[in-house]
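Below: the structure, in structure tokens.
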Amino acid sequence: MAEVVIHHVNSKYAEAKSCSKRKGNGLTRKCASLVREQRARIYILRRCATMLLCWYIHGDE
């Protein structure tokens, strides 16, 4: 499951990266939107991983 999510995140990153090479105001907004979405997804994944790790570590007590 995590591999699928990571692959999806990587494909979004590739879109944002390729988009940044193009010029145009509308494309700049689209690129900014993709970057924002990418950062939000990474933030959520990081929070979930931290929570699961904490549950794993403190679950034995």
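The values are calculated or read from the model by the stated rules, or taken from the named source; none is laboratory data. Because the structure is a prediction, the values reported are computed rather than measured. Ideal geometry is used to build each Cβ from the backbone, glycine not excepted, and the neighbour counts take in all protein chains shown.
For first residues located in the range 30-54 and at pLDDT 95 or above, partners that are among the β-branched types (Val, Ile, Thr) and lie 6+ apart or on another chain with Cβ distances below 7 Å form the pairs 38/9; 41/9; 42/9; 45/5.
Does residue 13 fit the bill of being hydroxyl-bearing (Ser, Thr, Tyr), surrounded by 10 or more Cβ atoms within 10 Å (Cβ to Cβ) and modelled with pLDDT under 85? Give the derivation first.
On the way: hydroxyl-bearing (Ser, Thr, Tyr): yes; surrounded by 10 or more Cβ atoms within 10 Å (Cβ to Cβ): yes; modelled with pLDDT under 85: yes.
Yes; evaluated as a whole, the condition is true for this residue.
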